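Encoded as structure tokens, the structure appears first; notes follow it.
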């Protein structure tokens, strides 16, 4: 965890008990929410009425800060190291084991789970991505997500393309037909380490690769992982269906390009609410499963998404544990699960509303099918968050090479992944 510790130490100044409320009043909580919508302000507008409702019901005030994904992990690690910061936080579910390993999070043993509705209330697959195997969860699931392929129906029709691609080879061919005249086949976020790492994992599964061995040690630079990362970066470097400017995209710019017609395809987690906020009508785009390799190598897996989602966690340093758990119970209640997941286009993390009509739209149906059949969880190992940072940054550098016209070869990919693996040690 050296790299994670270094990240935390470097970012301590970014975190703190921002208003002293968590230490000063049993009736006030500080909550860090992740950026789920089109902007930080949009999330604040979505959450504030719900927080006001909670205060009216319980007398507990919640001060919320929506933290961008580019900052959230470092700030969480800093809060874990310093023992200062918020009471309740949203975390990417892939970080659960990493944050659990710091010892800074309240563990949801059976007794604690009973305080927020009980273990059986939560979708089992979502709860399984809330902590290290064999240990009580370090959080509870809040929003369930998966990746899908979004495509512009008019752009496809104008190009004479009858259906969305089902293989990466078809996606590259389709993308070339859609690229030209200032428009591009696909939008990506090359400067977003977490996004890069998620795709590296999925491509790696399809090529038969693993990012950690059974003992939890990194195996970044295997031939399978090298091939997987190269396939992803080649969407820009070789296939040339991605705008080179996407190498600098860090958060939500790819969604904007898709919504504004600058790109005809997008790989994203539950993009519908974000697209709606940018005035793209639901009937303007289609949703399909993420493609597979046409001819997967030996050992390749039928995986086209990570088991994605947002978990809700409580820091041990809170002075208001009972109030914090009351808030967790509220946010995972039936009413809030329907209201918030419907707004964000994600899926509920509790079993009691999984079949609600609010989640019957085509987007949610694709996500439900993917999560049920072809999604796999990222490794729940203590170094997972460091993997996302280091491998995601290596891919960011490879996209920068591609954008600058520098060849991206198997050897250059291997060197980047070897360097990332060495930094883990």
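The values are calculated or read from the model by the stated rules, or taken from the named source; none is laboratory data. What you see is a predicted model, and the numbers here were worked out from it, not measured in a lab. FYI the Cβ positions are ideal-geometry reconstructions off the backbone, even for glycines, and counts take in every protein chain you see.
Modelled with pLDDT of 95 or more, out of contact with any strand residue (DSSP E or B) (no Cβ under 8 Å at 6 or more places or on another chain) and not in a loop (DSSP other than H, G, I, E, B), is that true of residue 390? Working first, answer last.
Numbers: modelled with pLDDT of 95 or more: yes; out of contact with any strand residue (DSSP E or B) (no Cβ under 8 Å at 6 or more places or on another chain): yes; not in a loop (DSSP other than H, G, I, E, B): yes.
Spelling it out, residue 390 is indeed modelled with pLDDT of 95 or more, out of contact with any strand residue (DSSP E or B) (no Cβ under 8 Å at 6 or more places or on another chain) and not in a loop (DSSP other than H, G, I, E, B).
Among the residues of the stretch 180-194, which ones are more than 30 Å from residue 91 (Cβ to Cβ) and either under 24 Å from the mean Cα position of the chain (by Cα) or buried (at least 20 other Cβ atoms within 10 Å of the Cβ) (or both)?
Start the filter on the stretch 180-194 by keeping residues that are more than 30 Å from residue 91 (Cβ to Cβ), which leaves 180-185.
Across the stretch 180-194, the qualifying residues are 184, 185.
Does residue 141 qualify as being crowded, with 24+ Cβ neighbours inside 10 Å, assigned by TED's automatic domain parsing to the domain that holds residue 107 and over 18 Å from residue 258 (Cα atoms)?
yes
Being over 21 Å from residue 129 (Cα atoms), in contact with a strand residue (DSSP E or B) (Cβ under 9 Å, 6 or more places away or on another chain) and surrounded by fewer than 23 Cβ atoms within 10 Å (Cβ to Cβ) narrows it down to one of 262, 230, so name that one.
262
Check whether at least one residue in the stretch 73-89 is outside the structural domain of residue 386 (by TED's automatic domain parsing), under 30 Å from residue 260 (Cβ atoms), modelled with pLDDT of 95 or more and touching a helix residue (DSSP H, G or I) at 6+ places or on another chain (Cβ under 9 Å), and report yes or no.
Filtering the stretch 73-89 down to residues outside the structural domain of residue 386 (by TED's automatic domain parsing) leaves 73-89.
Now narrow it down to the ones that are under 30 Å from residue 260 (Cβ atoms): 73.
Now drop any that are not modelled with pLDDT of 95 or more, which leaves none.
No, the stretch 73-89 has no match at all.
Please determine, by comparing only the residues of the stretch 265-291 that are part of a strand (DSSP E or B) and within 20 Å of the chain's Cα centre (by Cα), which one is surrounded by the fewest Cβ atoms within 10 Å (Cβ to Cβ).
Result: 288.
Sort through 26, 6, 42 and tell me the only one that's at pLDDT below 95, loosely packed, with under 15 Cβ neighbours inside 10 Å and within 24 Å of residue 94 (Cβ to Cβ).
6 is the lone residue from the list that is at pLDDT below 95, loosely packed, with under 15 Cβ neighbours inside 10 Å and within 24 Å of residue 94 (Cβ to Cβ).
In the stretch 230-253, how many are part of a loop (DSSP other than H, G, I, E, B) and at pLDDT 95 or above?
Number satisfying all stated conditions: 6.
Yes/no per residue for (1) buried (at least 17 other Cβ atoms within 10 Å of the Cβ); (2) touching a residue at least 24 places away in the same chain (Cβ under 8 Å):
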{"residue": "73", "(1), (2)": "yes, yes"}
{"residue": "79", "(1), (2)": "yes, yes"}
{"residue": "94", "(1), (2)": "yes, yes"}
{"residue": "106", "(1), (2)": "yes, yes"}
{"residue": "122", "(1), (2)": "yes, yes"}
{"residue": "135", "(1), (2)": "no, yes"}
{"residue": "151", "(1), (2)": "yes, yes"}
{"residue": "158", "(1), (2)": "no, no"}
{"residue": "168", "(1), (2)": "yes, yes"}
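Quick test for you: out of 139, 227, 159, pick the one residue that is under 16 Å from the mean Cα position of the chain (by Cα) and either farther than 30 Å from residue 97 by Cβ or at pLDDT 95 or above (or both). First the steps, then the outcome.
Details: 227 fails: under 16 Å from the mean Cα position of the chain (by Cα); 159 fails: under 16 Å from the mean Cα position of the chain (by Cα).
Among 139, 227, 159, only 139 is under 16 Å from the mean Cα position of the chain (by Cα) and either farther than 30 Å from residue 97 by Cβ or at pLDDT 95 or above (or both).
Per-residue answers, yes or no, for (1) surrounded by 23 or more Cβ atoms within 10 Å (Cβ to Cβ); (2) in contact with a strand residue (DSSP E or B) (Cβ under 7 Å, 6 or more places away or on another chain); (3) not in a loop (DSSP other than H, G, I, E, B):
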site	(1), (2), (3)
177	no, no, yes
201	yes, yes, yes
214	no, no, no
221	no, no, no
255	yes, yes, yes
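Give the stretch 304-358 a look and list any residue that's within 22 Å of the chain's Cα centre (by Cα), closer than 15 Å to residue 32 by Cα and part of a helix (DSSP H, G or I), or say none.
Matches in the stretch 304-358: 328, 331.
Any idea how many residues of the stretch 334-358 are crowded, with 18+ Cβ neighbours inside 10 Å and touching a strand residue (DSSP E or B) at 6+ places or on another chain (Cβ under 8 Å)?
10
Run residue 194 past the list (1) assigned to a loop (DSSP other than H, G, I, E, B); (2) modelled with pLDDT under 95; (3) in contact with a strand residue (DSSP E or B) (Cβ under 8 Å, 6 or more places away or on another chain) and report the number of the one that doesn't hold.
(1)
Tell me which residues, restricted to the stretch 42-59, are more than 13 Å from residue 30 (Cβ to Cβ), touching a residue at least 12 places away in the same chain (Cβ under 8 Å) and assigned to a helix (DSSP H, G or I).
Passing the criteria: 42, 43, 44, 46, 47, 48, 50, 54, 57, 58.
Please determine whether any residue of the stretch 312-321 is assigned by TED's automatic domain parsing to the domain that holds residue 128, touching a strand residue (DSSP E or B) at 6+ places or on another chain (Cβ under 9 Å), surrounded by fewer than 18 Cβ atoms within 10 Å (Cβ to Cβ) and touching a residue at least 60 places away in the same chain (Cβ under 8 Å). Outline the logic, then answer.
Within the stretch 312-321, the first condition is being assigned by TED's automatic domain parsing to the domain that holds residue 128, and the residues that meet it are 312-321.
Still in the running and touching a strand residue (DSSP E or B) at 6+ places or on another chain (Cβ under 9 Å): 312-316, 318, 320-321.
This time we only want the ones that are surrounded by fewer than 18 Cβ atoms within 10 Å (Cβ to Cβ), so: 316, 321.
If we keep only those that are touching a residue at least 60 places away in the same chain (Cβ under 8 Å) too, we end up with 316, 321.
Checked the stretch 312-321: at least one residue is assigned by TED's automatic domain parsing to the domain that holds residue 128, touching a strand residue (DSSP E or B) at 6+ places or on another chain (Cβ under 9 Å), surrounded by fewer than 18 Cβ atoms within 10 Å (Cβ to Cβ) and touching a residue at least 60 places away in the same chain (Cβ under 8 Å).
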